Amino acid sequence: MKSKFFSVFSYFTWIVITLSFNGYGQNFLNGDLNGNVSISSTPTSWIPVPFTDPASLATAAVYTNPDVCGPSGPNIGTGIYGSPFSGNTFASGMYAISSGIFIYHEGIQQTVNGFSLTSTYKLTFHQTIVKQSNCLDTSGAWRVYMDNTLLGTSNISINQNPYDTSVLTWDFQQFNFTPTAASHTFKFLPYDDDADLDFSTTNTAGALRLGIDSITIQPVIDCLDSLNLGPDTTICFNDTLHLVVSDFVNFNYLWSNNDTDSITDITTPGMYTLEIDSTYCHYYDTINVSFTAPIVLDLGTDTTLCFGDSILLDATTPNASYLWSTSSTDSAIYANQTNTYIVNVTQNNCNFYDTISINYHPILPLNLGPDTLFCAGDSIQLGTHISATDYLWSNGSNDSSATFFNSGNVWVDITENNCVYTDTIAIGYHPILNLDLGNDTTICIGDSLLFDITTPNASYLWNDLSTLATNGIYTAGILGVTLTQFGCTYTDSITVGNFTPPTFDLGNDTTLCYGDSILLDATTLNATYLWSDASTTPSIQATQATIYSVTLTQNNCDYFDTIHISYFTTYPNFLGNDTLFCAGDSIQLGAQLSASSYLWSNGSTDSSTTFFNPGIIWVEVMQNNCLYTDTISIGNHPILNLDLGNDTTICIGDSLLFDITTPNASYLWNDLSTLATNGIYTAGILGVTLTQFGCTYTDSIIVSNFTPPTFDLGNDTTICYGDSILLDVTTLNATYLWSNGANTATLYANQATNYDVVLTKDNCTYYDSIIVNINAAINPYLGNDTTLCAGDSLKFQFNYLNALYIWSDLSTNTSLTVYNSGDYTVEINSNNCIYKDTISVIFNPAPSLHLGNDTSFCTGSSIPLDAGAGFSYLWQDNSINQIQTVNTAGTYWVVIENGNGCKQSDTIEINQIDISVTLGPDLSLCEDDVAYIQAIGTDISQYEWQDNSTNASYTTNMEGTYFVEVTNAACSASDTIEIKYTQIQVDFTGETENCTYDNTKFIQSSSTSNNSVINSYSWNFGDNSYSNVPNPKHQYKQANSYDVSLTVTTDNYCSDTVKKINFVTIHPTPNADFTFSPNPVSDLNPVIYLNDISTPAPDFWRWEHNHTIFSDQKNNTLKLNQFDSGNHPITLYVYTKFGCGDTIQKTVLVKETEFLYIPNAFTPEGNKGINNDFSPVFTDGFDPVNYHFIIFNKWGEILFESYDPNVGWDGYYNGKLCKLGAYIWQMNYQNDLNAAEQIKTGHVSLIR
């Protein structure tokens, strides 16, 4: 578990205390007695004390070998193991008697060199009682020999714990001696303080096993005057201060934090004390270590997100800067990708960091596939093919696959690692094809029926073995087809016969006289008719020379006949067209036709005759026994009215045009022109002769001219802007039209443009024009009258080219600048045109302002700045008051404005004489801490504390309020600090017995004084597991007894620890498991044999099937209901006598036995009694329950239903035999009343 307070970098501060000593001797090699854990072995550099040694009581060499022991053995089962005092191992030896004869005396020895004969030494070691199953003596000691001289017997150690306790109690032992030689051999042999040495599994005063560890030799040296740990110091929170004491070799160290090395690492604030001692010397010093205030920095625990999620990492800390591993310097960032995020927070030059690993769960490739179709009446199974924790289908299924019977949108949600993945597809029925060749029919002889049943993704089989999508029937007979699409089959057929044709005759071809006709008759029973002239009657009258045809339709069959009708040649209009002749003339007419006889309207019988008067003329002629007659009208040509008009007068330049166009006429003018049109353009005579159809006509006209008037607008001209010019065209008896629409005789021109006039007199028009230009206008605008402030100026400037200027002060420059109130005028002459403007200017007085000279003030005081009364104000900070109070150094300015809008500004520089002091925040210290108060400030000359002391710092170890006042030449400042001390009482309770892998609860009940708050908890559960929550839950993995300790830290960083030995006992939890057979199980004999294989063996069992308890025995036989097929969950619960339990569930498949056969075709009208009905066929002796059988057509209509398995479908619906083809069936039933409902569907083909 990571700490909430963690330094980004490893900062270490070293304080080294150095003292020098002389006269060191050689120490033991491997004084920690490290070696390989083993029976009958010695630690490295040591050897056994031989049985031949005078100090040994062993009866043979085999009884002298000690054992190297540690936490792992060498024999845990008999108790030969335990925790060493130091290092990894220790040595143990027996002192025992076997069978009253053999004596075990197991000791170790080593020779040490380099002694000084003038020095005194101390030999130290630690001893403990190690019990094994047959060495249960509770007390004993070591005897130490230097060479063959007994240095002494150690103090008796006692151990009342049972033999299999791994935690040993070590006792410190010491002997002082003076060497008699430079080299000595030291022997260590166990000693029993009672008389009983016999092996025993019950006698606690019998044989002895004794342990020894950490053997040292140190010189006894002269003591020094003092120990100095250095001045008190302050470091960053969570940095480490190393206090190192060098050259105190062979001394004992005891720091106030219980470290016993010459080096201690200080990681929490407080007063630290070091005691160094030997047999004769003792040293003591104290140092106060302070830490800067920590920050609480917690990005949270490492986490894994779902794809697309993000998490906010917030390290916000007051007055801090930030650097993330992403290079961001924001206080918070969003993490949205897999990475290890690290933040470095810097506050008061101290660095803190935290780290969090963000991972993303793999994206599951969930894909149900594309939208899909299946045959109506069938089902479709969909699967995810992905292993996940949970599944939820749109039909409510929770399996990895699901079966659907209906069309619609299908979705599935799968959950893995608490991430939900979704996919949706649409499933539907393949469209039910309407395969219909039509009703049986009769066709005309020679006709055919063509069928095109083209269907995408389909195959075809016709009864003529064709496999194409198209086919036809050309003679009477039967045509049938089976179509298969997406595995769905459809069938249809059609029977075709021929109609008998009728007999009819229009007759032979014939020729008629013009005007005659003939009857054509095709009358036939039950027929319709269509003649070539679109008539629909049984008969028609033929009146034209053509081929007549009739289509007779009977029974929708067409029959055809024709006749050719001809006419003798006719001679229409053989007299010609109606005609005209000139009045007074005659006209001769002829019949123009060879005939056997003629008769004219004037009685003549010749082939031609003459007529003198207009009228109607006719003639009759006979040819081929056919009479022909013609009539025409004769008359005189109309007499033309040729008129060029009366003699007339026209305008000069005008003309008269004449158009005497006449059909079928020719023309001759007196100017020899022969066109139908002509004109006269000058005064004179124009005449013409017109000839039409041989008739002539003549006319002429005399033309003269009007005298024109005289008028003139003058030459083009230029005027000044704003002037005008008079244009006059007055003429007697005339009218006028100017280009601007005016119709007066005169017009004033005042614009630069072309002026045109049209004058009309005697209907003759006359024209004149003039161009009028205007010199470009200038605008010498001086602006509106204005008011300015005194000291301002106003400049007028013009830049017109080729112009002359005269100002009101008679100056002639292009510009004029004014400084005083008055009226100012300018006059400009441009192209002899004069332009002028005048302006009135007023100058108002400005306000007066003075903020004073630059100045200074003391910190904590202020200076008022007054900008004067009666104005509006704007200061540098946008304030608008008359007076601004200044309490910080800086540049200050103000702009004032009077009622006339005139402004004035001023600026002042103000400095601050800065004196400040701070004693820091109030302190809440730990017991035995010393408060070092430092008065920190700027520009300080003198200090005075509440007790009149005058140092810059103050030291105390008492609660209270402390005060300091500081001064300099002109100013003073002060601060106060409150100091309180905190006491901690650490305690906890919890469950003292539990099971492996269960949550064991611990509840802290610690308290503090002085309103301090515990904000950090550090639990040690004794199995190398830890927690920092106040009331944790912990799962122990191994059965054992465990020590539990709790360290608490307050919000002012005071801490204390309590440790409880063997606080909790953990019992093993069995791992539930079982086997079953057979697999799968038949629903005909559904008996399941169940065998428990849980380990370790439980004491109690509970078996459940479908949440119903059926046994509490270890092994069982479960009999299910017959035909109860499907998945059956079997659950086993196991427990021990300590209440430790586990559960497991397995699914047993009971396989369904098929009891029925369903045919795929039947023949309702086939062999009598054979395959005439369609129904399921069940196995003899099997009677389904809640049976329901349904037949559908391809449109989903119900054709048949039965609730009796013995009643099938005969192929009929509403009394009619259904068409050949495929039909859908569905059957619902149960094997028995307790079994699940079975639903089956399929297709059946109705054939003949």
Worksheet item: Of all the residues that make up region 93-128, how many are in contact with a Lys or Arg (Cβ under 7 Å, 6 or more places away or on another chain) and hydrophobic (A, V, I, L, M, F, W, C)?
Response: 1
Worksheet item: Restricting to region 715-742, what's the tally of residues that are farther than 30 Å from Asn779 by Cβ and loosely packed, with under 11 Cβ neighbours inside 10 Å?
Response: 4
Worksheet item: Do the conditions hold for Tyr253, that is, is it part of a strand (DSSP E or B), surrounded by fewer than 18 Cβ atoms within 10 Å (Cβ to Cβ) and at pLDDT below 80?
Response: no
Worksheet item: Would a scan of region 1107-1124 turn up a residue that is touching a strand residue (DSSP E or B) at 6+ places or on another chain (Cβ under 7 Å) and among the aromatic types (Phe, Trp, Tyr)?
Response: yes
Item to complete: Report those strands (runs of 3 or more DSSP E) wholly inside region 555-616 carrying at least 1 residues which are touching a residue at least 60 places away in the same chain (Cβ under 8 Å) and under 21 Å from Ser633 (Cβ atoms).
Response: 579-581
Worksheet entry | Verdict on Leu1090 being in the same structural domain as Gly1141 (by TED's automatic domain parsing), buried (at least 16 other Cβ atoms within 10 Å of the Cβ) and in contact with a Ser or Thr (Cβ under 9 Å, 6 or more places away or on another chain) | yes
Response to the item:
Residue hits (region 771-797; in a loop (DSSP other than H, G, I, E, B) and either farther than 22 Å from Ser848 by Cα or under 60 Å from the mean Cα position of the chain (by Cα) (or both)) are Asn775, Ala776, Ala777, Ile778, Asn779, Pro780, Tyr781, Leu782, Gly783, Asn784, Asp785
Discussion item. So, restricting to strands (runs of 3 or more DSSP E) that lie completely within region 440-550, which ones have at least 3 residues that are more than 30 Å from Thr569 (Cα to Cα), at pLDDT 90 or above and out of contact with any strand residue (DSSP E or B) (no Cβ under 6 Å at 6 or more places or on another chain)?
Written reply: none
Practice prompt. Give the residue that is nearest to Thr317 (Cα to Cα), with candidates limited to residues of region 356-403 that are touching a Leu at 6+ places or on another chain (Cβ under 7 Å) and outside any loop (DSSP other than H, G, I, E, B).
Written response: Ile356
Item to complete: Within region 1005-1026, track down each residue that is in a loop (DSSP other than H, G, I, E, B) and either of a type in the set (A, V, I, L, M) or touching a residue at least 60 places away in the same chain (Cβ under 8 Å) (or both).
Response: Asn1010, Ser1012, Val1013
Worksheet item: Before we move on, is Thr753 surrounded by 12 or more Cβ atoms within 10 Å (Cβ to Cβ) and over 30 Å from Thr718 (Cβ atoms)?
Response: no
Discussion item. Which of the numbered conditions does Asp137 fail, given that it passes all the others? Conditions: (1) buried (at least 18 other Cβ atoms within 10 Å of the Cβ); (2) within 60 Å of the chain's Cα centre (by Cα).
Written reply: (2)
Item to complete: From (1) polar (S, T, N, Q); (2) assigned to a loop (DSSP other than H, G, I, E, B); (3) under 23 Å from Pro48 (Cβ atoms), pick out the condition that doesn't hold for Asn161.
Response: (3)
Discussion item. Being surrounded by 12 or more Cβ atoms within 10 Å (Cβ to Cβ) and of a type in the set (A, V, I, L, M) is the requirement here; does Ala534 meet it?
Written reply: no
Worksheet item: If you scan region 60-82, which residues turn out to be among the β-branched types (Val, Ile, Thr) and touching a His at 6+ places or on another chain (Cβ under 9 Å)?
Response: Thr64
Worksheet item: What residue, among those in region 1181-1210 that are aliphatic (A, V, I, L, M) and surrounded by 13 or more Cβ atoms within 10 Å (Cβ to Cβ), is farthest from Thr491 (Cα to Cα)?
Response: Val1185
Item to complete: Just one of (1) surrounded by 15 or more Cβ atoms within 10 Å (Cβ to Cβ); (2) in the same structural domain as Thr907 (by TED's automatic domain parsing) trips up Gly860, so point out which.
Response: (1)
Worksheet item: Which one of Ile108, Ile39 is touching a Phe, Trp or Tyr at 6+ places or on another chain (Cβ under 6 Å) and either of a type outside the set (Asp, Glu) or outside the structural domain of Ile129 (by TED's automatic domain parsing) (or both)?
Response: Ile108
Worksheet, complete the sentence: When Ile97 is run through (1) touching a helix residue (DSSP H, G or I) at 6+ places or on another chain (Cβ under 7 Å); (2) surrounded by fewer than 24 Cβ atoms within 10 Å (Cβ to Cβ); (3) under 18 Å from Asp193 (Cβ atoms), the failure sits at (1)
Discussion item. Criterion first (at pLDDT 90 or above and either surrounded by fewer than 16 Cβ atoms within 10 Å (Cβ to Cβ) or small (Gly, Ala, Ser) (or both)) does Asn832 satisfy it?
Written reply: no
Worksheet item: Of the residues that sit in region 408-446 and are surrounded by fewer than 15 Cβ atoms within 10 Å (Cβ to Cβ) and of a type in the set (D, E, K, R), which one is farthest from Pro370 (Cα to Cα)?
Response: Asp440
Item to complete: Could you name every one of the strands (runs of 3 or more DSSP E) located completely within region 901-979 that has at least 2 residues being in the same structural domain as Ser872 (by TED's automatic domain parsing) and either of a type in the set (D, E, K, R) or surrounded by fewer than 14 Cβ atoms within 10 Å (Cβ to Cβ) (or both)?
Response: 903-913
Worksheet entry | All positions within region 934-965 that are of a type in the set (A, V, I, L, M) and within 56 Å of the chain's Cα centre (by Cα) | Ile936
Discussion item. Just to confirm my filter: which strands (runs of 3 or more DSSP E) fall fully inside region 1109-1190 and include at least 2 residues that are at pLDDT 85 or above and of a type in the set (A, V, I, L, M, F, W, C)?
Written reply: 1126-1135, 1141-1151
Practice prompt. Say whether the condition of being free of Cβ contacts under 8 Å to residues at least 24 places away in the same chain, out of contact with any Leu (no Cβ under 8 Å at 6 or more places or on another chain), of a type in the set (S, T, N, Q) and assigned to a loop (DSSP other than H, G, I, E, B) is met by at least one residue in region 133-144.
Written response: no
Response to the item:
Residue set Asn779, Asn844, Asn853; condition within 30 Å of Gln904 (Cα to Cα) and either exposed (fewer than 11 other Cβ atoms within 10 Å of the Cβ) or touching a helix residue (DSSP H, G or I) at 6+ places or on another chain (Cβ under 6 Å) (or both); output residue Asn853
Response to the item:
Of the residues in region 343-372, those that are on the phi < 0 side of the Ramachandran plot, in contact (Cβ under 8 Å) with a residue 40 or more places away in the chain and surrounded by fewer than 16 Cβ atoms within 10 Å (Cβ to Cβ) number 9
Worksheet item: Just to be sure, is Ile414 assigned to a strand (DSSP E or B), out of contact with any helix residue (DSSP H, G or I) (no Cβ under 7 Å at 6 or more places or on another chain) and more than 30 Å from Gly487 (Cα to Cα)?
Response: yes
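The values are calculated or read from the model by the stated rules, or taken from the named source; none is laboratory data. What you are looking at is a predicted structure, and each value in this text was computed from that prediction instead of being measured. Neighbour counts are summed over all protein chains in view; Cβ atoms, including those assigned to glycine, are modelled from backbone coordinates with ideal geometry.
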